[in-house]
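The values are calculated or read from the model by the stated rules, or taken from the named source; none is laboratory data. Quick caveat, the model's predicted, so the values are computed rather than measured. Heads up, the Cβs are rebuilt from the backbone with ideal geometry, glycines too, and the neighbour counts pull from every protein chain shown. These area figures cover heavy atoms from the full protein model, side chains too; ligands, DNA and RNA do not enter into them. Shrake-Rupley method; radii C 1.70, N 1.55, O 1.52, S 1.80 Å.
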Amino acid sequence: MSPGRLRHAAPPEVLRDRMDREVTTVVRQVGAHMAGLYLTVPEDGMLALETVTGVPPEFTGPWARLPLGHPGPAPDAARERRLVWISGREDLARTYPRTALVSPYDFALAAVPVPASGPAPSDASAPAPFPGDATAADATTGTGTGTTGTGTTGSPADGVLVLMWPASRRTRLGAADRRTLTGAADRIGNVLHRAAAAGRPLRAADQPRVLPVPRASAPTPAEALAAADFANRLPDGVCSLDLSGRVTFLTDRAAGLLGERRERLLGALPWAVLPWLADPAYEDVYRSALVSGGPVSFNARRADGTWLTFRLYPDTTGLSVLISPAEEHPAGAAEPTAARPGRVARARVGGIYHLLHLASALTEAADVEDVVERTANELMPAFGAQGFVLLAAEGDRLRVIGHRGYPHSTMERFDATPLSVSSPGTHAVTGGRPVFFGSREELEQAYPDRPAMRDSMSAWAYLPLIASRRRIGACVLAYEQPHTFTAEQRDSLSALSGLIAQALERARLYDTKHRLAHALQNGLLPHDLPRPAGLEVAFRYLPATQGMDIGGDFYDLVQLDESTFAAVIGDVQGHNVTAAALMGQVRTAVRAYATAGASPAEVLSRTNRLLAGLGPDLFTSCLYGHLDLARHRADLATAGHPPPVLRHPDGRTETLDLPAGLLLGIDQQARYTSVRLPLPPGTLLAMYTDGLIEVPDEHLDESLRAFARTLGTAGDAELEPLADTLLHGTRPEGERTDDTALLLLRPS
């Protein structure tokens, strides 16, 4: 776009209005009952909810900001730039169990990525410009042929358009609706692209904007009176609620059944006026009707013991409610919990969702870094905070173990604060109670002598982390502007701090055990191997990427005389300290028998008898060989280990078929056979453990052939870079479920 055209770009409010019209229009076109538009915040790695229609803004709290890295329909659509379709509750639970846990409603959903740049159609296909554009030449509305639905990877989409339908009415997404959705997403992407190109990018506000769905037509006064007369003639009570749950209309019959004057109910939240309805279970039914888009009913008991049946019928503008006496006492109906008159249950239900969100996230946290990342991702967007710090009590000091939204220099001042110092963080830990400061003035009044503890924020929540009656540390949420902490927020944060404390305690214990176990393993593995003249050597060890336990893989190279070397690689069954300890015993035994002059078959036989006598209940695979550099030959024997691969000087590869030997430690009488093969200069011998070639859902033979092909293609390279290629280039990243050891030997 030329500078001259940028000067005539539509102002941001006009572009935002276009974007809003695209959302409300597509909702009507595809018959959805709810929609939301997320905009990507790449610097934060988040999706921020810009607009929503069909639900009140209070419902969006747990969903207002979503980490791009989390599994979920909207993040997946943005990250993978593809349309995500969920056909109902079972599909959601199967595909996104964490999302289903915190949204137990039945609905169909489509998440459509907004293209990372607006598609530019040809002049012939370009539609008419939006009203308000300077010239027709500036109209580059998308045609539905952008990146939407391509499944490409790389930078995330600029946003995600999410629409929902009642699952009972929409079990599939037809081709016509798919084109409608992708076309709307393309046009929204084009609006975002124009705004960014003009130097005025559209950003999501702190709170999502609620877009009204246009009504087909407004009733005339006569029609409104006729509708009221119709409702009053019905034997049931009739009530209408807007999306926020406020009563906009009710009949005298409804007021009589509810036992309250019409004047008090009109414009009010029913559960705020009627104490017997102030129960989270009833609000959840109301939420279920709006979110699922289908009729819902429930029974409730008035204060005088009379049972009523409520039937809710939602649409995009609100709910119609029919109220009637229950025919009899509902079997198994639960008594409503006590609630103080006038207290609204909405925030309490929101707090429950925050608890579920954080609990489901922390169940997947393996180490301290994971706890920090997942807690920040959940708490900051849920409570609108701009800063986050996690502090751990270590001895007599508070250590910063993770933070977000703060510069490192500020955290360095906080780190290692003595618990004896008077500060909000230390008082939260030592006192075991949360501390809230809604403004800088409140903090300065409480701690006038601690200017060094002040930072650039303007409001803070200090939450103690206590697990098993032990002080674990503190969690700090901070706000750039003064912030009022409501009673509901304080209750929710106090409950959430217990979850964080338990997760952090588990993670710290796990990290400690992990460090000790790996220190043991590293002490048992050789830090280097001999590198004699005439033999190139490269070795690698890589722990599994899934799971944090150690393994029993080992390797070694022992010089036997001036021109002969013993090479060994093996794998002890298991991934724990016992496996690592046994690995040390096996490696030591092999070294001892090798230096005593035993042949490869004898080394395996003697090691097997030793292990079988120890009765470790763990078995070991092992590949052992003698490399005679003077005679250019090798003698190899195996005990149930994956076969070595030989690359000949001409580039041809060969998987060696050695006589199968029983795993070590099973049968003391097991026998092993050595095989002699030529090993001329330039021949490459690759020894490895099964973690290198095992790929989920792939046959082992195919994995081995792929490894051999890579070795044949890249085998002329230096061994160090070749080892990296073999280790990382033959496996899909993130799918390594077992430890891996690799030993490469090439006579020269």
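Taking only the C-alpha atoms of the range 635-694, Rg followed by Dmax gives 13.2, 42 Å.
More than 14 angstrom separation, counting every C-alpha pair in the range 400-469; what % is that? Mind showing how you got there, number by number?
Working: 1511 of 2415 pairs.
More than 14 Å apart: 63 percent of the Cα pairs in the range 400-469.
Determine the dipole magnitude for the range 239-299: charges of +1 sit on the beta-carbon of Lys and Arg, -1 on that of Asp and Glu, nothing else is charged, the reference point is the Cα centre, and the result goes in debye to the nearest 20.
On the way: 6 positive and 7 negative charges, 31 e Å.
With only Lys, Arg, Asp and Glu charged at Cβ, the dipole is about 140 debye.
Computed over the range 372-496, the P(r) curve from all C-alpha pair distances, binned at 10 Å from the origin, holds 13, 50, 34, 3 percent per bin.
Overall, the accessible surface of the range 552-680 at a probe of 1.4 angstrom is composed of carbon and sulfur to the extent of 48 percent. Residues His699, His193 ordered from highest to lowest accessible area at a 1.4 Å probe: His699, His193.
Rounded to two decimals, what is Rg over Rh for the range 23-98 when you use alpha-carbon atoms and the Kirkwood radius?
Numbers: Rg = 12.9 Å, Rh = 13.5 Å.
Ratio value, two decimals: 0.96.
Ordering Leu443, Met457, Ala507 by Cα displacement along the dipole of the range 441-510 toward the positive end leaves Ala507 in first place; charges were set at the Cβ atoms of Lys, Arg (+1) and Asp, Glu (-1). Sparsely packed loop sites in the range 597-671 (the trypsin sites (Lys or Arg not before Pro) outside DSSP H, G, I, E and B with at most 14 other Cβ atoms within 10 Å) comprise Arg631, Arg652, Arg671.
Each other residue within a Cβ distance under 10 Å of Thr655 adds +1 if Lys or Arg and -1 if Asp or Glu, for a net charge of -2.
On a per residue basis, the range 404-504 carries 47 Å² of accessible surface, using protein heavy atoms and a 1.4 Å probe. Between His728 and Asp106, the simple label model (points 7 Å from Cα in the Cβ direction) yields a spacing of 5.0 nm.
Placing a pseudo-label 7 Å from each Cα along the Cα-to-Cβ vector at Leu509 and Arg200 gives an inter-label distance of 5.8 nm. The residues of the range 220-288 have, on average, 47 Å² of accessible surface per residue, using a 1.4 Å probe with all protein chains present.
Tell me, what % of the accessible area of the range 390-433 is carbon and sulfur with a 1.4 angstrom probe?
Values: 990 of 2130 Å².
Carbon-and-sulfur percentage of accessible area, whole number: 46.
Using the Stokes-Einstein relation with a Kirkwood hydrodynamic radius computed over Cα pairs, the translational diffusion coefficient of the range 217-277 at 37 °C and a viscosity of 0.692 mPa s comes to 268 µm²/s. Per-atom-type breakdown for the range 177-237 gives carbon and sulfur 57% of the accessible area (1.4 Å probe, protein chains only).
Skip the ligands, DNA and RNA, and give the accessible area per residue of the range 579-652 with a 1.4 Å probe, whole Å². Numbers along the way, then the final one.
Numbers: 2700 Å² over 74 residues.
In whole numbers, the range 579-652 has 37 Å² accessible per residue.
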